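These notes concern the structure reproduced below.
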Amino acid sequence: MAAELVILGIRHHGPGSARGVERALDELRPAAIVIEGPPELDSVIPFLNEEGMSPPVAGLVYDVKRPRQASFYPLASFSPEWVALHWALANDVPVQFADLPATHRFAIEAEQHDSMLAEFERRMAETASGTDDDDTDEPVVDEVAPVTSDPIGTLAALAGYDDAERWWEDAIEQRSPNEPLEQFAAVGEAMASYRRHADEVENAVPADNEMREASMRKILRKLIKDTDGTVVVVCGAFHAPALETENWPSASADNATLKGLPKTKVAATWAPWTSRRLAYSSGYGAGVTAPNWYAHLFACRNDVVPTWMVKTASLLRDEKYDASPASVVEATRLAEALAALRGRPLAGVSEVIDASTTVLGQGSEIGLSAIAHKLWVGDVLGTVPPSTPMVPLAEDLAKLQKSLRLKPSAAEKTITLDLRTESHRNRSNLFRRLNLLGIPWGREASAGRTGGTFKEVWTIEWQPEFAVSVIEASLYGTTVESAASNKAVESAKETTSLSELAATIELCILAELNEALDSLLDLLNKRSAEQGDHLAVMLAVEPLARSVRYGSVREFDTTTLRTALDAIVRRSAVGLSPACVSLDDDAAATMRAAIDSVDRSVAVLERPELITRWRAALAELHESTVHGLVIGRVSRLLLDAGSIDADEAANRLSRALSLAAEPLQAAGWLDGFIAGDVSLLLHDDRIFSMIDEWLSGMTPEAFDDLLPLIRRSFSVFERGERRQLGDRVSRGTQALAVVDDDIDVDLAAPAIAKVAGLLGLELA
């Protein structure tokens, strides 16, 4: 006897649909349930019944060979699929998923990606060889397909709504049908009407829809044949008409559609999800505008608006805003009155917002804006039971999170670590190792001026997609430490940049990856000896110097690293003079930054022999052959270090700003020289006067050309420092006015009187 097939067309994450599914299942008492989703999730359905499973969660299916190729299937407490799954498990009814298997979909997507990459490489090769047949000068641009049409939006427009979300709320979500099967039948009929005309709209039907629905029907044919009783299908409303038996094509036609599809090996599990990721604003195409409101709408069957207003008032009071019980009553009445005036079955999001703003917010949106995220979206993070299938790396991460008392949370949190405490240091190590693996759970923030080398501040926030990143990182090892070590070594071998290698070494020291450091230091010695780019050698100094500095804090023996760093600093000093010759403006700016970097580093190292060698290299640079930006900065560094005195610095400045000097070169020299401490300009009258005379003696044309450069030079100072400079200039101008006998006061009197009038001053 063939089973009866009942199709329940739903909206993903629709509380009204979820209630309808629940009531329909209670009425039908089916023998089997089928839910839209990849069949690979069938293997993890039993875990939904285990302790520790709490929504929101997501089914995660990924390509074993290419873990980045993965798909999430989120489920919330108000998702119809979640309700159907739990109803089946509670009533011991067989339940399974039906859709195009991920083993085929991932393989198809991989082939398409490889094909696009091959086509791109072919075009690039033709362009490089000059054999491109295209004889036009227009660039080749692939046509971008228009946005797929929205069936719910179309139905909403036909019903006279300009907001699809509001129409669905009025028609489905806010109604409690006594006859849910009639409601699902009406939705199916509406979608059937839409699909009959869908071919007239370009891209109204997704490209893979035919394969997906053929896969669903293939599973249903077998299930109907083997089941005695009713089979209920819970699927997206768009697919409902195609799954009605009277609309089925022949089995041979569906088999032909699915014949010869490529395959790849996939795996499935459950992953925690967040309420934030259920929101449409997160970029999730099937998301809802307000996940917290929908969860409330599903969970609270009575007094929906009053209980929501109570929650709103509580959050406002937490933020120190007044929200009395009387105002809650008035806000509830207003929301219900607005719904009646607008012809809605129940107050929705817009009515609740309008009433809350008017009454609880006293007409202002400020208070409600402060709680908007907590109220409408929330930071709920679901959980999955420990028995859920995990890769070994994920299991190790879970153990570390538990032992270090670092519970993943969707809410952003800031923690301060004291590295002198073992548990805090282990936390820091975990965050850094995960960052090396491309899992930025923690982001290091500024520890303030008093942090020293023992204090770290981290901002942590767990994102659902980290589940895929963990699986991808498992290719490097089975534990966080081994995976991070292997990833660091592999990345270092692939890079040709000495500075990037030095940065990797610094990260490994901070993360205490001692196993990786031996290989990295050997690679550093080899690469530094082979490196021909002197700028790259200089840029490697600072991260290595920081590594030496922090080595003692992390209990790392820096002997080998110091030896390598000494050699690199000496090479930086020896090759500095030839590397600074014939630089253009951009190259000079880069070289200036590199010189600053090395100078800071040798000061931190406190190694007298290295400091002496480096300062000697700076002193050997000749003004005639070096860009003004570089030599000006070098002169300032030598002055600050005491290698030259104020007289020598003044002489250099005088030569650089002389009339014989080229204006652009002089502006560059000044930019490099004044950067740093402003006290030099405030308290050295001779240097101040030289700069003042140089600016005053420019021709108008030269001044106009150099003004942007000069303004940029002085913009590096803080606002207070610039104010002090302005006062210094003002005092200098007043002094000049007193001693200048050539000023004709009578001739200037009209102008003085006009300015005095504008300032509201009375002249004696």
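The values are calculated or read from the model by the stated rules, or taken from the named source; none is laboratory data. Remember, predicted model here, so these are calculated numbers, not experimental data. Note: ideal-geometry Cβ built from the backbone for every residue, glycine included; neighbour counts use all protein chains shown. Surface areas here come from the heavy atoms of the whole protein model, side chains and all, with no ligands, DNA or RNA. Shrake-Rupley method; radii C 1.70, N 1.55, O 1.52, S 1.80 Å.
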**Complete:** Contour minus Cα-Cα span, residue 590 to residue 648, at 0.36 nm per residue, comes to 18.3 nm
**Prompt:** For the Cα atoms of the chain, what angle does the longest principal axis make with the long axis of helix 719-739, in degrees from 0 to 90, nearest 10?
**Reply:** 30 degrees
**Message:** Apply the Karplus curve 6.51 cos²θ - 1.76 cosθ + 1.60, θ = phi - 60°, to the phi angles in segment 498-511 and return the couplings in whole Hz, x for Gly and Pro.
**Reply:** 5, 5, 5, 5, 5, 5, 5, 4, 4, 4, 5, 5, 5, 8
**Request:** Could you tell me what % of all Cα pairs in segment 1-110 have separations over 23 Å?
**Result:** 31 percent
**Asked** By per-residue mean of other Cβ atoms within 10 Å, what is the highest-first order of 258-266, 464-472?
**Response** 464-472, 258-266
**Request:** Compare the Cα positions of 380, 442, 416 along the charge dipole of segment 379-447 (+1 at Cβ of Lys, Arg; -1 at Cβ of Asp, Glu; about the Cα centre) and return the one farthest towards the positive end.
**Result:** 416
**Request:** For segment 42-109, build the charge dipole from Cβ charges (+1 Lys, Arg; -1 Asp, Glu) around the Cα centre, then report which of 84, 62, 74 sits farthest towards its positive end.
**Result:** 62
**Message:** For the chain, give me the percentage of DSSP beta bridges that are antiparallel, rounded to the nearest 5 percent.
**Reply:** 60 percent
**Asked** How much accessible area per residue does segment 430-523 have, in Å², with a 1.4 Å probe?
**Response** 41 Å²
**Request:** Please label the shape of segment 616-733 as rounded, prolate or oblate, based on the square roots a ≥ b ≥ c of the eigenvalues of the alpha-carbon gyration tensor (a/c under 1.5 means rounded; beyond that, a/b larger than b/c means prolate, else oblate).
**Result:** oblate
**Fill in**
Taking Cα atoms, the helix 559-574 axis meets the longest principal axis of the chain at an angle in degrees (rounded to 10) of 50 degrees
**Fill in**
The relative contact order of the chain, taking Cα pairs under 8 Å that sit 6 or more residues apart, comes to a percentage of 11 percent
**Item:** Spin-label pair residue 685/residue 320, simplified geometry with 7 Å Cα→Cβ offset, distance in nm
**Value:** 5.2 nm
**Request:** Calculate one ³J(HN,Hα) per residue across segment 293-304 by plugging θ = phi - 60° into the Karplus curve 6.51 cos²θ - 1.76 cosθ + 1.60, and present them in order as whole Hz with x for glycine and proline.
**Result:** 5, 5, 5, 5, 4, 7, 6, 9, 7, 10, 6, 4
**Message:** If I take all pairs of Cα atoms in segment 275-335, what percentage of them are more than 19 Å from each other?
**Reply:** 44 percent
**Per residue value of the accessible surface for segment 1-78 (all protein chains in place, 1.4 Å probe), Å²** = 36 Å²
**Complete:** Residue-ordered couplings for segment 207-220, obtained by feeding phi - 60° into the Karplus form 6.51 cos²θ - 1.76 cosθ + 1.60 and rounding to whole Hz (Gly and Pro as x), are 4, 8, 5, 4, 5, 4, 6, 5, 5, 4, 5, 4, 5, 5
**Prompt:** Dividing the Cα radius of gyration by the Kirkwood radius, what Rg/Rh value follows for segment 546-703?
**Reply:** 1.04
**Prompt:** If you count, for each residue, the other Cβ atoms within 10 Å and average over each peptide, how do 708-715, 598-605, 25-32 line up from highest to lowest?
**Reply:** 598-605, 25-32, 708-715
**Asked** How are the C-alpha pair distances of segment 356-476 spread across 5 Å bins, as whole percents from the shortest bin up?
**Response** 2, 9, 16, 19, 14, 12, 10, 7, 5, 4, 1, 0
**Item:** Cα gyration tensor category, rounded, prolate or oblate, for segment 404-531 with a/c compared to 1.5
**Value:** oblate
**Complete:** On the formula 1/(1 + (r/R0)^6), with r taken between the Cβ atoms of residue 493 and residue 286 and R0 of 41 Å, the FRET efficiency rounded to 0.05 is 0.45
**Message:** So if I place +1 on the C-beta of Lys and Arg and -1 on the C-beta of Asp and Glu, and nothing else carries charge, what would the dipole magnitude of the chain be about its Cα centre? I want it in debye, nearest 20.
**Reply:** 2900 debye
**Request:** Give the angle, between 0 and 90 degrees and rounded to the nearest 10, that separates the Cα long axis of helix 646-656 from the longest principal axis of the Cα atoms of the chain.
**Result:** 80 degrees
**Fill in**
Packing-ranked peptide list from 390-400, 230-240, highest mean Cβ count within 10 angstrom first, is 230-240, 390-400
**Message:** Probe radius 1.4 Å, ligands and nucleic acids ignored: give me the carbon and sulfur share of the accessible area of the chain as a rounded percent.
**Reply:** 52 percent
**Item:** Accessible surface, per residue, of segment 216-261 when the full set of protein chains is kept, probe 1.4 Å, Å²
**Value:** 47 Å²
**Request:** Hey, can you grab everything whose amide H is under 5 Å from the amide H of residue 5? Only 5+ residues off in sequence or another chain; H modelled, so Pro and N-termini drop out.
**Result:** 231
**Prompt:** Rounded if a/c is under 1.5, else prolate if a/b beats b/c, else oblate: with a ≥ b ≥ c from the C-alpha gyration tensor eigenvalues square-rooted, which is segment 350-424?
**Reply:** oblate
